[in-house]
Amino acid sequence: MVELQSSKLDAENAKNEYNSFRSSLAQIGTIIVQNVIMLGFGMSLAIPTVVIGSLMTDDNDGGGRADIMTLTETEASWYGSVLLVCHPMGGLLSGVLQEIVGRKWCMALVSVPQLVGWYVLWRAGDAFDLYVSCVALGLSMGLSEAPVLTYVGEAVEPRLRGPLSSMPTFTIMLGSFVSYLMSTVMPWRTVAMINMAVPVVSFVAVVLLTPESPVWLLSRNRPAEAKKSLAYLRGCVSTADVEDEFSELSIYAGFNKSVDIEQYVDCGIDQRRLSYVKYLQINTNDTTNAEIDILANPNQTGFLDTLKSFWTPEFTRPFLFIMLFFFFWSFATFIPAKPYLIAVFSEIGLPCTAQWTLVYTSILTLVGTLLNVLTVARFGKRPITLVSMALCAFSMLGIGMYMVSTSYFSFLSTWIPMILLNALFFFSGYGVFPIPWMLVSEIYPTKRRGIASGLTAALAFLMTFILTKSFLEMQEWFTLPGLFIVYGSITLIGTLYLYACMPETENKTLQDIEHFFIGDLDDYEDCDNLK
């Protein structure tokens, strides 16, 4: 009997190994299609830097139009930050839309405000038009992030989840780089006109080539469609080939808790995972669909009841951790200075022009993010984050102290800040920028993942808006060298916090990660420690 069971297990593993290439190809292809959306995200994030850098210079030609536009410092501070304050609105909206219309159609709807934003920017005649374009682009950014990350967490196998969850960040950086590069050879209006093609392409690609998330379909009591979606994502195989994985997924999603999971012990599910699935069967209540109905019909219950249904330890523990991560992330990536980078680079004093510095630093960030995609599965998120955060902190501290030394000690060497700046942008792209977004797709429980990821993205960019809007005022208070030192010091504190609190989620199942944040690991001594 033992030999028969072992033979069955070996046959199952051989079959899975045989199909692994086709399964990987299907999942990678699906995520690449979705990331056309994030290309538009990156272009939207970069365009204020391009426009402000052009409109606040004396040689502005109005972007190729007869009317010449200019921006005051106050208008520039609003234009540079309003994009970020509208992002949280889109993020909150995406959390609800994900549960009502699904991950797929929420991603498809991103194209509408994005297309409007690029058109208004192309035809802009004054500062008000620029604000309107930023509102539309900010909403599209907020709508896009959460469903893409949620989809990766729900539809991708653990062995691919790390690299594929870092792809959105890589694509964002690619979009920013493309915008910066285009701005060196053409007016910003022409850049906006070309960018209008991105939402059109992304809408068609998502609608035609992306299946709905199987977890969301299960939550809506549509198991037949969920099984077909899972079969597509595993290499367009037959539904019979994914029966075992689907059964485990349905148990985890809370759809099927009556099944005796011991029957799956001979299908490649190890004892550690079986123990946790048992835990879920016992401890997961039957409120998943009820909570979604509350979101879709808020008038049926009070606001406090709705809030109470979400404010549980399994949600609050990962939520508080990731929000503190994003607080330090805002400083470590130097993202509040993004709209004003041309002026910042000019003040630092570098051996090349500020415009080309913008291009090559975006290349370094892009290369760092690509390296993250290629190495995160091998090294893990925790080591990459800690090393990158520490090096970003020391880079900013070094730039600040260099600028102080040039003022008080007449020391001048333009290559020193260039090397430190290169390190800052490379390591922010390699570890700091992508990792928290990857964690968003993993750390929240399934039944709250859509709402939680949208809320997290919203609050993260709300913090970034506050820091971006106040950047020029803080620069007046601290001076630019002092600001670098302040940002570096806060980043160093963040490194210590993450060293103490950040778990390792790479190559862990969603069950393991959720179990870690619930805090009951002591009940399962055979479960690997996530740290």
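If R0 is taken as 41 Å, the Cβ-Cβ distance between residue 375 and residue 123 corresponds to a FRET efficiency of 0.40. Remark: relative contact order (segment 121-256) = 20 percent; criterion is Cα-Cα distance under 8 angstrom and separation of 6 or more residues. At R0 = 45 Å, how high is the FRET efficiency between residue 225 and residue 500 if r is their beta carbon distance? Nearest 0.05 is fine. Using R0 = 45 Å, I get an efficiency of 0.55.
Per residue, how much accessible area does segment 418-506 have with a 1.4 Å probe, in Å²?
Working: 2550 Å² over 89 residues.
I get 29 Å² per residue for segment 418-506.
In terms of accessible area, using a 1.4 Å probe and ignoring ligands and nucleic acids, 329, 356, 477 rank largest first as 477, 356, 329. Determine the sum of side-chain charges near residue 133: Lys and Arg each +1, Asp and Glu each -1, restricted to other residues whose C-beta is under 14 angstrom from that of residue 133. Once positives and negatives cancel, what remains is -1. When only alpha carbons are used to place a centre, segment 345-404 and segment 70-109 end up 26 Å from one another.
The residues packed around residue 235, meaning those with a beta-carbon under 10 Å from its beta-carbon, carry a net charge of +1 if Lys and Arg are +1 and Asp and Glu are -1. Here the gap between residue 401 and residue 320, fully extended at 0.36 nm per residue and compared with their Cα-Cα distance, gives a gain of 25.8 nm.
For residue 102, nonlocal amide neighbours, meaning residues 5 or more places apart or on other chains whose placed amide H falls under 5 Å from its own, do not occur. A simple count of charges around residue 375, restricted to other residues whose Cβ falls under 12 Å of its Cβ and scoring Lys, Arg +1 and Asp, Glu -1, yields +1.
Rounded to the nearest Hz, the phi-derived 3J(HN,Hα) couplings of segment 205-215 under the Karplus curve 6.51 cos²θ - 1.76 cosθ + 1.60 (θ = phi - 60°) are 5, 5, 5, 8, 10, 10, x, 5, 4, x, 5, where x marks glycine and proline.
What the phi angles of segment 326-339 give under the Karplus curve with 6.51, -1.76 and 1.60, with θ = phi - 60°, is a coupling list of 5, 4, 6, 4, 4, 7, 5, 7, 6, 5, x, 8, 3, x Hz, glycine and proline written as x. In this rough spin-label picture, where each label sits 7 Å from Cα along the Cβ direction, the residue 410-residue 74 distance is 4.2 nm. Rg and Dmax, both from the Cα atoms of segment 135-245 and both in Å, are 17.6, 55.
Residues whose amide H comes within less than 5 Å of that of residue 504, counting only those at least five positions distant or on another chain, are 531 (H built at 1.01 Å from N in the peptide plane).
The values are calculated or read from the model by the stated rules, or taken from the named source; none is laboratory data. Everything numeric here is computed off the predicted structure, so don't read it as measured data. Don't worry about glycine lacking a Cβ; one is built from the backbone with ideal geometry, like all the others, and counts go over all protein chains shown. What goes into the accessible areas is simple: the full protein's heavy atoms, side chains included, and nothing from ligands, DNA or RNA. Shrake-Rupley method; radii C 1.70, N 1.55, O 1.52, S 1.80 Å.
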